[in-house]
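For reference, the structure discussed in these notes is given below.
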């Protein structure tokens with residue numbers, strides 16, 4: 001396991017940041033969650049005048065051996081096909097990244113099939129999909145470490161371009177099953193609470209998924225250390241996200257966390273370095289059943305709750321303008337003094 | 001009362017719009033509330049390829065006689081001062097409109113003080129503030145009609161520039177008191193449920209506001225017709241918003257509704273022409289106590305819930321990128337067929 005230098009945020013600017021927020025021309029606290037966000041961005045960047053630079057979205061794609069057990073509504077080849085859709089600009093995440101001016105990178109972390117003819121894909125393929133964790137660990141310890149390193153290295157490369165805000169998305173048929181087991185094992189919550197309909201399973205299909213995952217949990221009943229849990233149930237896209245999140249926080253970037261799968265990758269990350277959470281902005285609370293509980297476990301309050309259940313990073317791309325708004329009000333709004341606006345009176349001016 | 005031609009939306013394109021949404025490369029329904037929004041925009045514009053053009057934010061400002069009764073934490077002159085702040089670009093709504101590329105217009109609907117030296121203010125002043133509805137109606141029937149006409153005329157002017165999406169914001173010390181009584185009288189909900197802390201009243205100040213508003217409700221116990229309720233309790237900014245909303249919907253624009261005050265103006269509007277609701281997008285559920293209940297009364301589901309309690313149109317400016325996202329995915333995402341992506345399988349591929 002690579003080592004990361006990840007410390008809790010230095011709070012020495014906290015009072016000055018709060019003062020700046022409180023003297024803006026608005027009632028105290030009237031910008032609600034945007035004020036918390038402004039505080040966080042200023043602390044992460046250690047400045048009273050933060051800036052968002054070169055925002056990037058990383059979408060990690062990989063296949064999962066567990067998909068062969070019929071846990072998804074879609075066939076496994078959809079992972080490969082959706083990567084091609086990302087490349088031609090037709091997926092939801094393409095549309096939203098274009099709208100927000102976020103650079104989009106598509107990473108082959110372990111998709112079944114070759115992208116040799118597609119140089120726009122960042123090739124970090126560990127293998128052509130994981131093995132089915134119904135019977136054996138999804139990956140070897142060496143593959144898991146290789147995936148963590150590859151993700152971390154990519155985040156460092158992106159940081160070197162001047163980017164200071166990084167979104168995390170994913171694509172991988174079967175990956176809600178992987179995320180469910182990561183969550184179940186690392187939070188201790190009952191499997192039923194971690195389980196959801198993924199891309200839209202009906203009741204029978206959901207019961208089948210529950211049976212498969214219950215059997216898989218029993219097969220690996222003794223596994224509990226975070227990295228072993230990751231290797232056992234994780235996908236290559238999840239392990240690469242974990243590595244990328246750690247390196248991004250180490251580099252002092254803001255991390256934009258999308259839905260259930262990216263949050264499961266973050267869960268692994270927090271078990272290794274809890275301070276990573278202070279760098280995270282949560283874009284969206286997905287409809288996937290487990291996601292609300294997982295966000296609660298992480299004490300996270302997402303910016304949006306629009307009933308999305310798509311992944312790809314869509315939830316954090318849609319939330320990005322709110323992050324921009326938080327930074328903009330901190331930098332651009334007038335203060336009561338500079339605008340010549342009267343402050344709140346301590347008492348009502350008259351009685352009824 | 002001017003007459004408006006406002007019909008329910010023509011639903012003849014509904015099936016074609018739904019088909020277009022359902023064949024995009026995503027699981028059915030996976031874009032959640034954005035899909036409802038895309039349907040609504042397409043129906044309002046009666047096209048499968050909607051466009052948002054020349055978005056405008058109208059911020060109506062006015063003073064309230066009731067402010068003299070000590071119902072706000074801020075002195076009345078803050079209304080005038082904040083208008084100057086809008087003009088110099090330092091308020092939150094300036095920052096957010098700049099960020100979203102929305103044109104901002106500031107309307108003097110009835111502020112105490114002259115803006116003769118500030119040509120950037122749209123002068124629609126009815127009077128220098130309303131009278132205190134604790135003792136008499138806030139405005140005369142003639143003033144109310146004049147305000148409705150002025151608002152409607154402004155919306156028609158803006159529509160003539162090619163604008164098809166219009167945000168509604170306001171500024172007016174004391175206007176949560178006006179909105180509270182409009183809501184109480186027009187919904188029948190108990191006054192206590194319609195009452196909130198406005199710009200941040202403490203418990204004693206809130207009790208005082210409750211006493212003032214209870215007395216005012218009793219003074220005008222017999223008033224029940226929507227326009228009479230508006231004239232009795234409303235502000236000039238609220239009446240102008242009501243007129244502007246009706247003319248905007250008549251012109252086939254999308255209406256972006258902000259917080260408690262703008263929603264109270266819409267409530268009056270719906271009592272006159274219920275079909276106006278089909279043109280409305282709700283930006284934000286404010287922290288103001290009554291707003292959640294008022295949105296519920298209107299069957300409205302806001303896009304954001306960020307704990308804002310500022311008004312000015314901030315909640316709808318912040319939600320505007322979500323409206324853009326809804327339009328963009330409908331226009332730009334690939335379909336399963338065009339992208340060569342496999343559709344969902346009817347059954348799981350194997351059993352455990």
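Tabulated data
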| read-out | value |
| --- | --- |
| Test for residue B:266: is it crowded, with 24+ Cβ neighbours inside 10 Å and within 26 Å of residue A:27 (Cα to Cα) | yes |
| Residues of the stretch B:302-314 that turn out to be at the interface with chain A (Cβ under 10 Å from one of its Cβ atoms) and in contact (Cβ under 8 Å) with a residue 24 or more places away in the chain, as a count | 7 |
| Residue B:335 being within 14 Å of chain A (Cβ to nearest Cβ) and within 12 Å of the chain's Cα centre (by Cα) | no |
| Residue identified as under 30 Å from residue A:172 (Cα atoms) and touching a helix residue (DSSP H, G or I) at 6+ places or on another chain (Cβ under 8 Å) among B:310, B:330 | B:330 |
| Among the residues listed as B:127, B:116, the single one being in contact with a strand residue (DSSP E or B) (Cβ under 6 Å, 6 or more places away or on another chain) and part of a loop (DSSP other than H, G, I, E, B) | B:127 |
| Hits in the stretch B:160-180 (condition: away from chain A (no Cβ under 14 Å) and more than 17 Å from the chain's Cα centre (by Cα)) | B:160, B:161, B:162 |
| Residues within the stretch B:174-203 that are without any contact (Cβ under 8 Å) to a residue 40 or more places away in the chain and within 12 Å of residue B:72 (Cα to Cα), tallied | 1 |
| Which numbered condition residue A:252 misses (of (1) within 19 Å of residue A:58 (Cβ to Cβ); (2) surrounded by 18 or more Cβ atoms within 10 Å (Cβ to Cβ); (3) in contact (Cβ under 8 Å) with a residue 40 or more places away in the chain) | (2) |
| Number of the condition not met by residue A:323 [criteria: (1) more than 20 Å from residue A:17 (Cβ to Cβ); (2) more than 7 Å from chain B (Cβ to nearest Cβ); (3) at pLDDT 95 or above] | (1) |
| Flag for residue B:124 being within 14 Å of chain A (Cβ to nearest Cβ), over 30 Å from residue B:218 (Cβ atoms) and touching a helix residue (DSSP H, G or I) at 6+ places or on another chain (Cβ under 9 Å) | no |
| Within the stretch A:194-205, tally of residues that are surrounded by fewer than 18 Cβ atoms within 10 Å (Cβ to Cβ) and in a helix (DSSP H, G or I) | 2 |
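Table: residues versus (1) within 7 Å of chain B (Cβ to nearest Cβ); (2) closer than 20 Å to residue A:124 by Cα.
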position: A:60; (1), (2): no, yes
position: A:63; (1), (2): no, yes
position: A:75; (1), (2): yes, no
position: A:101; (1), (2): no, no
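So that you can scan it fast, the table gives a plain yes or no per residue for (1) in contact (Cβ under 8 Å) with a residue 12 or more places away in the chain; (2) surrounded by fewer than 24 Cβ atoms within 10 Å (Cβ to Cβ); (3) within 14 Å of chain B (Cβ to nearest Cβ); (4) closer than 29 Å to residue A:11 by Cβ:
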{"residue": "A:272", "(1), (2), (3), (4)": "yes, yes, no, yes"}
{"residue": "A:286", "(1), (2), (3), (4)": "yes, no, yes, no"}
{"residue": "A:291", "(1), (2), (3), (4)": "yes, no, yes, no"}
{"residue": "A:294", "(1), (2), (3), (4)": "yes, no, no, yes"}
{"residue": "A:297", "(1), (2), (3), (4)": "yes, yes, no, yes"}
{"residue": "A:300", "(1), (2), (3), (4)": "yes, yes, no, yes"}
{"residue": "A:317", "(1), (2), (3), (4)": "yes, no, yes, no"}
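The values are calculated or read from the model by the stated rules, or taken from the named source; none is laboratory data. Source: prediction; values computed, not measured. In this analysis, Cβ positions are derived from the backbone assuming ideal geometry, glycine residues included, and neighbour counts consider all displayed protein chains.
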